[in-house]
Amino acid sequence: MKAFMNVLKRKQPMNSELTTAFQIETGSSTEAFAKKEQSLEDKSRQKPLSAPGLTLKKVNVRYGDTNAIEGACLDIPSGSITALVGPSGCGKSSLLASISRMTDLTPQCQVSGEIFLGKDNILAKGTDLNRLRRRVGMVFQSPNPFPMSIEENIRFPLRDHGMRDESVIRKTIKNVLGDVGLWDEVKDRLGQSALALSGGQQQRLCIARCLALDPEVLLFDEPCSALDPLSSAKVETLIKGLKSRYTVLLVTHNLAQARRIADHVAVCWVQAGCGCIIESGDTRSIFERPVHPITQAFCQGLQG
Amino acid sequence: MRTNIWLTRGLRTAAWLSASILLFILLFLIQESSPLIGEIGLGPFFQADGWYPQEGAFQLTPMLLGSLFVAGGAVLLATPLGIIAALFGQFYAPPALARLYRGLMELLAGVPSVVFGFWGLVVLVPWINRLAPPGASLLAGALVLALMILPLVALTADAALAAVPQQYLRGAAAMGLSRWGTIQRITLPVAMPGILSGVVLQTGRALGETMAVLMVCGNVVQIPSSWFEPVRTLTANIALEMSYAVDQHRTALFISGLLLLLLTITLVAVASHFRRMQHE
C-alpha cells in the first residue's frame with residue numbers, strides 16, 4: 001500500500017507536465033496521448049486509481065480448422081491478479097494473445113465472441129490496434145528487449161507513440177526502471193545494450209517498457225518460466241506489486257506461483273479436442289474447494 | 001558403414017577439388033602476368049601515357065576507373081530500390097502479391113546478361129543519345145547493370161529481413177508500435193549486415209560483368225568527365241582485345257584479369273565479414 005501511495009505521489013506532477021507538454025504538440029496520435037493523460041490525471045484525483053476490468057464472453061480462438069479454445073467466459077476484475085492455469089496446449093496463451101489482438105498476427109487465426117475492456121469490445125471491427133496495444137501491455141515468456149540500449153528500449157516506444165518532450169521521457173525512464181527495481185542496477189549504464197543484461201534483468205526491462213506506455217491491463221505469458229529461481233522470484237514480487245495499478249492477467253504452468261500471487265484463478269483444460277475454461281473463482285476456493293473433478297485432480301497435482 | 005566411409009571420401013575430394021579451382025585460377029593468372037611485371041614493375045600500369053599496347057604503354061587506370069564507376073553507379077541505383085522492394089514484399093504487400101513479386105524477382109534474376117545488354121543497346125542507348133549524345137555511355141552501363149543486380153539485391157535483402165527474429169517484431173507489435181517505426185529502429189538495423197553482404201556480392205558481380213557492359217558503354221579508353229561519356233571497363237577490354245593480343249599486350253590483359261579477381265576476392269571477404277556480423 002505504501003508503494004502504491006508513492007507511485008501516486010510521483011504520478012501526479014508528472015501527469016500535469018505531460019498534459020502541458022502535449023498541448024504544444026499537434027498530430028492525431030499525440031492528441032490521443034494527451035487525452036489519455038488527461039483522463040488518467042482525473043482518475044488519479046479520485047483515488048483509488050482503477051484500471052477497467054476485462055470481461056470475456058464466449059470467446060473462441062480457431063487456427064484454421066482447429067479450435068484452440070471454445071466458449072471461454074471469464075471476468076477479470078481490475079486491481080487484482082488473475083491466473084490462467086492448465087496443461088500445455090489447452091489454449092491459455094491463445095486466449096491471452098487474443099486480449100491484445102496479437103492473434104491477428106497469426107495467419108488463419110480467428111477470434112470470435114466478445115472481449116470487453118471497460119465498455120469497449122476490443123474484438124469489434126475498426127478497433128485501433130496500436131491504441132489497444134498501448135492500453136493492454138504484454139510480457140512474453142522469453143525476455144525480448146529490443147536490440148538497442150537500455151534507455152532506448154523505453155525511449156523508442158515512447159517516441160513512436162508521439163511523445164517528444166525529452167525531459168518527460170527521461171523522467172519516465174527513471175520512474176519505470178524504478179518501478180521494476182532496475183534503476184539502481186543500471187543507472188550508470190543506460191547507454192549499454194539491453195542484450196547484455198541478465199535474463200531476469202531483461203524481463204524486468206520488458207515490463208518497464210510496457211509500464212512506460214501507461215497501460216491499463218498487463219498480460220503476462222509465463223513470464224518466469226525462462227528465468228532462474230532468483231530472477232523468477234524478483235519478477236513474481238514485481239507483478240504482485242503492480243496489481244494495485246493495473247488489471248493483471250497471468251498465464252502460468254506453475255500452480256505454486258498461481259497460488260502465491262493470484263487473487264483469482266481460471267483453470268483451462270482440453271475437452272473433446274479443444275481448450276476451454278472449466279472452472280474459475282478466487283484462488284482460495286479453487287485450491288481448497290474446487291467443484292469440478294478435473295480441477296480437484298489438477299490442483300492437487302494428480303493430473304496435468 | 002563401408003559406404004559411409006567412401007561417401008565421406010568422395011564428398012571431401014569433390015569439395016577440395018572445387019575449392020582448389022579458385023587457387024589454380026589465381027596461380028595461373030599470376031604465372032601469366034609475372035613476366036611483364038618482372039620486366040617493367042607495377043608502376044607503368046598506373047603511370048604510362050595511355051593504353052597503346054602496340055607501343056608498350058599499358059595504362060590501366062581509365063579502365064579500372066571505368067569498371068569502378070559503372071559498378072558503383074549500378075550499386076548506388078540498385079541498393080535503395082532493392083531495399084525498398086524487399087521492405088514492400090516483407091511488410092506492406094498482401095501475401096499473395098508478395099509471393100508473385102518474389103517470383104518475378106527470381107525470374108528477373110535469371111534473365112541472361114546478354115539480353116539486358118541487347119535491350120540496353122536498342123532501347124536505352126538511343127534514348128540517352130537523345131538526351132546527350134553519343135548515348136553509349138557510363139550512364140547506360142550503370143543502368144543496365146543496376147537492372148541486372150537489382151533482383152538479387154532485393155532477394156538477399158528480402159531474406160535478411162525475413163531472418164530478423166520474430167520475438168523483436170512481436171514485442172514491437174505488442175506495444176502498438178507503428179510499422180514504419182519498427183522497420184526503422186528494429187528491422188533495418190538488425191537486417192543491415194545481411195543486406196550489405198548481398199550488396200557487396202552483387203558489386204562483385206557488377207564488376208565482373210562483361211557482355212552487357214561491352215554492348216552499351218561505348219568502349220572508349222578515357223577517364224569519363226560526366227555520366228554521359230563513353231568508358232571502357234577492364235572486362236570489356238579483355239573481351240575486345242584478347243583475340244588478337246600477343247606478347248606483352250597479352251600479358252597486360254592477364255594483369256587486368258588478376259586485378260579484377262583481387263578486387264572481387266576483397267569484396268567477397270567484406271561480404272562474409274558482414275554476414276558474420278549478422279550472426280553475432
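The values are calculated or read from the model by the stated rules, or taken from the named source; none is laboratory data. Being a predicted model, the structure only gives us computed values, none of them experimental. Reconstructed Cβ throughout: ideal geometry from the backbone, glycine too, with neighbour counts over all protein chains shown. All accessible areas refer to the heavy atoms of the entire protein, side chains included, with ligands and DNA or RNA removed. Shrake-Rupley method; radii C 1.70, N 1.55, O 1.52, S 1.80 Å.
Numbers at a glance
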{"item": "Alpha-carbon Rg/Rh ratio, for segment B:132-280, with Rh computed the Kirkwood way", "result": "1.14"}
{"item": "All-pairs alpha carbon distance profile, segment A:215-295, 10 Å steps from 0, percent", "result": "16, 46, 31, 7"}
{"item": "Nonlocal amide H pairs with residue A:76, under 5 Å, H built at 1.01 Å", "result": "A:54, A:55, A:56"}
{"item": "Residue-count net charge about residue B:149 - beta-carbon cut-off 9 Å; Lys, Arg +1, Asp, Glu -1", "result": "0"}
{"item": "Pairwise centroid distance, computed over Cα atoms, of segment A:57-89 with segment A:170-206, Å", "result": "32"}
{"item": "14 Å beta-carbon shell around residue A:278, net charge (K/R +1, D/E -1)", "result": "-1"}
{"item": "From phi via Karplus (6.51, -1.76, 1.60), per-residue ³J(HN,Hα) for segment A:53-70 in Hz, x at Gly/Pro", "result": "x, 10, 10, 9, 10, 6, 7, 10, 10, 10, 10, x, 9, 9, 8, 7, 8, 10"}
{"item": "Scattering curve values for the protein assembly as shown, log₁₀ I(q)/I(0), Debye with Cα scatterers, q = 0.08, 0.10 Å⁻¹", "result": "-0.73, -0.92"}
{"item": "Reduced Cα scattering model of segment A:155-257, Debye log10 I(q)/I(0), q = 0.11, 0.14, 0.15 Å⁻¹", "result": "-0.34, -0.55, -0.63"}
{"item": "Heavy atoms of residue B:127 accessible to a 1.4 Å probe, total area in Å² rounded to 10", "result": "140"}
{"item": "Simple Cβ-charge dipole of the protein assembly as shown, Lys/Arg +1 and Asp/Glu -1, about Cα centre, in debye nearest 20", "result": "1920"}
{"item": "Area of residue A:58 that stays accessible when all protein chains are in place (1.4 Å probe, Å², to 10)", "result": "140"}
{"item": "Between segment B:50-119 and segment B:162-221, the Cα center-to-center distance that results, in Å", "result": "13"}
{"item": "Average beta carbon contacts from partner chains per residue of B:175-188, 10 Å cutoff", "result": "5"}
{"item": "Most fluctuating residue given options B:161, B:17, B:138, as computed from a GNM of chain B linking Cα atoms under 10 Å", "result": "B:17"}
{"item": "Amide hydrogen neighbours beyond the local backbone of residue B:57, cut-off 5 Å, H modeled", "result": "B:52"}
{"item": "Using distinct alpha-carbon pairs, which all enter the 1/r mean, Kirkwood radius of chain B in Å", "result": "21.2"}
{"item": "Peptide-level mean, for B:166-173, of C-beta atoms on other protein chains within 10 Å", "result": "6"}
{"item": "Peptide-level mean, for A:135-146, of C-beta atoms on other protein chains within 10 Å", "result": "4"}
{"item": "Solvent-accessible surface (1.4 angstrom probe) belonging to residue A:103, in square angstrom, nearest 10", "result": "10"}
{"item": "Centre separation in Å (Cα based) which lies between segment A:220-249 and segment B:125-141", "result": "67"}
{"item": "Cross-link pairs beyond the 21 Å C-alpha cut-off, checked among A:58/A:125; A:92/A:125; A:119/A:240; A:57/A:119; A:125/A:243", "result": "A:92/A:125; A:119/A:240; A:125/A:243"}
{"item": "³J(HN,Hα) computed for each position of segment A:228-242 - Karplus, 6.51 cos²θ - 1.76 cosθ + 1.60, integer Hz, glycine/proline x", "result": "6, x, 5, 5, 4, 5, 4, 5, 4, 4, 4, 4, 4, x, 8"}
{"item": "Hz values of 3J(HN,Hα) by residue in segment B:204-210 - Karplus curve (6.51, -1.76, 1.60), Gly and Pro given as x", "result": "x, 5, 5, 4, x, 4, 10"}
{"item": "Heavy-atom accessible area order for A:220, B:46, B:254, largest first, 1.4 Å probe", "result": "B:46, B:254, A:220"}
